[in-house]
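Have a look at the structure below before the remarks.
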């Protein structure tokens, strides 16, 4: 049996408001064939480049009960993690746990929550990750030479 992920669904209290919050975070847009509007109980947002997963926000009556069992890990496309973090906080995200430096200087991530408490992580940018991996490799070379 083989299947593919059609979309990631996020249960929420206000589908329209949460979809609008996530659009600038991901650079996503409404589905052109089915634009979102206030009062919609199901709101879909898509990656305009078609590369990322589609997100579907669905209103549910029950409140969020516990920690997410599934969450998004976001990697900044261009700017450093620190700037992305500052932008997300200015946009209304809140810090849940700061795991920067967990594997030494230059490593780690920050766990954040969206306005409804759904957790997600902000990782290092591709450039930062490459620099950290290069530093790790150089450190291992030096240790091997001793």
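Quick notes
- Exactly one residue out of 85, 89, 72 is touching a residue at least 60 places away in the same chain (Cβ under 8 Å) and out of contact with any helix residue (DSSP H, G or I) (no Cβ under 7 Å at 6 or more places or on another chain), and it is 72.
- Residue within the stretch 56-71 that is under 30 Å from residue 139 (Cβ atoms), touching a strand residue (DSSP E or B) at 6+ places or on another chain (Cβ under 6 Å) and in the same structural domain as residue 133 (by TED's automatic domain parsing) present: no
- Test: residue in the stretch 82-92 that is assigned by TED's automatic domain parsing to the domain that holds residue 111, modelled with pLDDT of 90 or more and in a loop (DSSP other than H, G, I, E, B): yes
- The set of residues in the stretch 3-16 that are surrounded by 16 or more Cβ atoms within 10 Å (Cβ to Cβ) and over 19 Å from residue 68 (Cα atoms) contains only 16.
- Residue check for residue 24: in contact with a helix residue (DSSP H, G or I) (Cβ under 8 Å, 6 or more places away or on another chain), surrounded by fewer than 18 Cβ atoms within 10 Å (Cβ to Cβ) and part of a helix (DSSP H, G or I): yes
- Test: residue in the stretch 40-54 that is over 18 Å from residue 115 (Cβ atoms), buried (at least 17 other Cβ atoms within 10 Å of the Cβ) and free of Cβ contacts under 8 Å to residues at least 60 places away in the same chain: yes
The values are calculated or read from the model by the stated rules, or taken from the named source; none is laboratory data. Just so it is clear, the model here is predicted, and its values are computed rather than measured. Methodologically, a virtual Cβ is constructed for each residue, glycine included, from the backbone with ideal geometry; neighbour enumeration extends over all protein chains shown.
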